[in-house]
Amino acid sequence: MDESGPALRRLCQWAAATGPDAIPADVAERVALVAADTIACALGAADDAELSAWTRDAGSGVSTGGKSAGAVWTGDASKTGYSPHACTVLGRPDLRLPPASAAARNAVAANWLQLDEGHHHLMCHAGIYCVPAALAECEAADHDLGRFLHAIALGYEMTCRMARAWTFGAAPAHPHSLWSGLGATATVGILRGLNGDTLHQALLHAATLAAPRPFAIVADGGLAANLWVGTGVEQAFACVARAQRGLPAPDRALARLGEMLGASADASVYADGLGDAWAVRQNYFKVLACAGQSHAALEALLEVRAGVSAWAPYVCDETAHIEAEVHDFAVGMAQRDVQTSLAARFSIPHLLAVAWLHGRTDADALGAGFLHDARVARLRHAIRLRPLQPALPPPHHRAARVTVTGADTTTLQACCLAPLGSQARPLSAADIAGKCVSLARGHHVALLDALLHPDRASHAARAMTIRSLVQSDD
């Protein structure tokens, strides 16, 4: 008997019955930070040339000059009050898209720089699944800020419970390709007020469309991998609409997906501790625009580099011998043939070479900025990775030690037990706010201020709808 089906239904019934007052204050505050961080990450990538090239043919745009465009069907607009073709593309004030297309575009942008939040214990980035979907749905339906955050809180929790329930026997599927559609469907379903049974049907529809893809494509630098999250988020709107219309989905759709992937499911995870245990309490935020597995090595190398500031300038060149001892998973992140920004962000040798030679760790530097730098290419081929021994338990399980030997045989070494953003060194609310302001570059000030500083946001701002907030200063 498939026990996960009834358990997933119970999760849906709980979510459908949980009102805003049932969300603990600390969870609501954390969810607001997740929303702000996700929106800011999308704004930070808005001018990225690769993003523009890869999304140029996505969706049917609506210019602010009033031209019409084809709308994605999300229900009867005349009955729901939806505006089917007027949703914001973050960082693009000249462009509007239908809700599903806008949500997809914003999800892709939020993921592009690898700066979005995640979860310490799960392969899941629920923020970029839930926030863009909620933003577009709330803008289209003119929902208020409270309803926006309530839906994200529940969608985030449902997504993480689904991800936690599964254990993969072999190489896991990439989470964006697997969970983005389910997370966005849960969020949009909550916003549309679906009852538990209909929400369950919507998730089953999403499971039938999930298209799991391998992590290796990311490591190989396939930029199409950045689009996976957008595909899932866009499909969510249709999944919810189909459930609303009473179209049936197979009862075992999610179980069949797990069987195909060789995953086992612990059905108890779906419903245990509902209302008490909230996954967002164990999320993380990051400041380096690259894979989290590389952060400790980068911090250790930068400490060494700072220590040689009094040396002759030639020390920080490609003649240095660099060895990084990292956790077991990170040893495999040793790509030498780096052709795209995505490959760069997942190649520890490339990241260390850029940091050593140029002393930069901004988003452009860790991405496309030095792809064609001959010195970086030579050095990354010389950098060596090996396992850190002994392996350390959490919260230091991603520690790294970097040893640099100069041309004069002088050796310096530094160890980073826990990088900024890890469990042992979490970012503060002020850190997150600073990150968001920097990435946003003056865009959507009112919306971000309402999310980052609810205590000091004006009463008028708190009472505004998402449509008013997002369109007030775009």
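Read-outs: derived from the displayed coordinates by stated rules, not from any lab. What you see is a predicted model; the values in this text were computed from it and never measured. Because the Cβ atoms are built from the backbone with ideal geometry, glycine has one as well, and the counts that use them run over all protein chains shown.
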R441-S472 pseudo-label distance in nm [points 7 Å out on the Cα-to-Cβ vector]: 2.3
Degrees, to the nearest 10: 145-165 long Cα axis against longest axis of the chain: 70
Label zone at H120 (point 7 Å along Cα-to-Cβ), backbone N below 16 Å, region 266-282: 277-282
Centre separation in Å (Cα based) which lies between region 398-414 and region 306-367: 13
Order by protection proxy (mean Cβ within 10 Å, highest first), peptides 436-445, 152-161: 152-161, 436-445
Compactness of the chain as Cα Rg over 2.2 N^0.38 Å, two decimals: 0.98
Inter-label distance for R360 and H453, nm, one decimal - labels placed 7 Å from Cα along Cα-to-Cβ: 3.1
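What FRET efficiency do you get for A224 and A171 if R0 is 22 Å and r is their Cβ-Cβ distance, rounded to the nearest 0.05?
In this case the efficiency is close to 0.75.
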Inter-probe distance in nm under a simple model that places probes 7 Å from Cα toward Cβ, at D272 and D337: 4.5
Cα-based helix-to-principal-axis angle, 175-191 vs the chain, degrees rounded to 10: 40
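Remind me, relative contact order of region 292-416 in percent, using alpha carbon pairs under 8 angstrom and six or more residues apart?
38
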Estimated FRET transfer efficiency when R0 is 25 angstrom, pair S264-A211 (beta carbons, to 0.05): 0.75
Cα principal axis extents for region 166-304, largest first, Å: 61, 36, 29
Cα gyration tensor of region 292-416 - equivalent ellipsoid semi-axes, whole Å, descending: 20, 19, 12
Crossing angle, helix 126-141 versus the chain [Cα axis fit, 0-90 degrees, rounded to tens]: 40
Gyration tensor over alpha-carbon atoms, region 370-470, equivalent ellipsoid semi-axes in Å: 43, 20, 11
Relative packing of 269-275, 202-208, which averages over residues the other C-beta atoms within 10 Å, highest first: 202-208, 269-275
